[in-house]
Amino acid sequence: MDFTRLDQQLRDSLVDLKLSNEERDELRQLGSKPYATRLMGVPLVLFMADGAPALLVDRCPHRSVPLSGGKVCDGVIACPYHGWRFRADGECIEIPGAVEPIAAHAKALPIILRLGLVWTCLADNPPPFPLLPTEPEDPALDHFTWNVAASKMRLLDAIENMLDASHPHFVHPWFLRTAAKRRPVEVDIHIHPGGAEAVYHEDAQAAGFMPRLLEGKRTVAIGRYFAPTIGQLIFRTERGLTVSLTAIFTPEDVNLTRPFAWFSTERRLAPA
């Protein structure tokens, strides 16, 4: 992979926020109901404002009441406690009972839409958008998404568990791997500014039940890390790609991590 070229293409594509029809349909589901979530322990509220998503810290600057408990009308969100209304940029535009609103702001956060997800950053000066794998956005592949419930785990543990090539022999015996047979495996390690890649040259009949059923003779397995929160596994046979699994891990809170997963396969007669 040419990571340098891919990174530049990615940054060039993020100059403007352009929504696909599919993304707009997904966001319309918000309607007048704000969506509450957390990122690194910070409460956030997502809502639709004039056809585009807006993201604020989920606290009214008046009395710190969660804005997510309120309603959205005409592209602004109203606090459920005193009815203060805030635009997408966080500015208060109305205070019921007051002739003019005071200079109050809810903290607004930047938004980028990729892979059907809303991405943001809590930093005052956000770093460049992270490098993303190409497979989940490849139109030549079939894709299946899986939104997994948040689990009690650290972000580092989640990424390490996904990319750990040794534990399946013991945690998932016979289903994914088996510890009964030993065979030599060549591994090529590549480190780059945006992460790392490990290529396992297997070239052997799969020993686990699921790989044997779906793959047969696997030739290459690849584990990739895309900083800071993305892991990817790719499995290939002589026929080409079997499956690509990409997981984006969201640190919602201390020891609470939510994975968003993409399975990408070659297009065949069967569905994704």
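In this structure, Pro80 does satisfy being open to solvent by 30 Å² or more (accessible area, probe 1.4 Å) and in contact with a helix residue (DSSP H, G or I) (Cβ under 6 Å, 6 or more places away or on another chain). Of all positions in the stretch 159-171, at least one carries a residue that is under 22 Å from Arg38 (Cα atoms) and not small (Gly, Ala, Ser).
Restricting attention to the stretch 236-272, and to residues there that are touching an Asp or Glu at 6+ places or on another chain (Cβ under 6 Å) and part of a loop (DSSP other than H, G, I, E, B), which single residue is modelled with the lowest pLDDT? The qualifying residue modelled with the lowest pLDDT is Ala272. Phe170 meets the conditions (1) exposed (fewer than 14 other Cβ atoms within 10 Å of the Cβ); (2) farther than 20 Å from Ser264 by Cβ; (3) modelled with pLDDT under 75 in every case but one. The failed one is (3).
When Ser68 is tested against (1) modelled with pLDDT of 95 or more; (2) assigned to a loop (DSSP other than H, G, I, E, B); (3) open to solvent by 20 Å² or more (accessible area, probe 1.4 Å), just one condition goes unmet, and that condition is (2). If only residues of the stretch 146-171 that are within 21 Å of Val199 (Cα to Cα) and in a loop (DSSP other than H, G, I, E, B) are counted, the one that is nearest to the chain's Cα centre (by Cα) is Asp164. Looking across the stretch 40-87, the residues that are under 26 Å from Leu256 (Cβ atoms) and among the small types (Gly, Ala, Ser) come down to Gly41, Ala54, Ser64, Ser68, Gly69, Gly70.
The values are calculated or read from the model by the stated rules, or taken from the named source; none is laboratory data. This one's a predicted model, so the numbers in the text were calculated from it and none came from an experiment. A quick note on method: Cβ atoms are made from the backbone with ideal geometry, for glycine too, and the neighbour counts reach across all protein chains shown. Note: areas computed on protein heavy atoms with side chains; ligands, DNA, RNA excluded. Shrake-Rupley method; radii C 1.70, N 1.55, O 1.52, S 1.80 Å.
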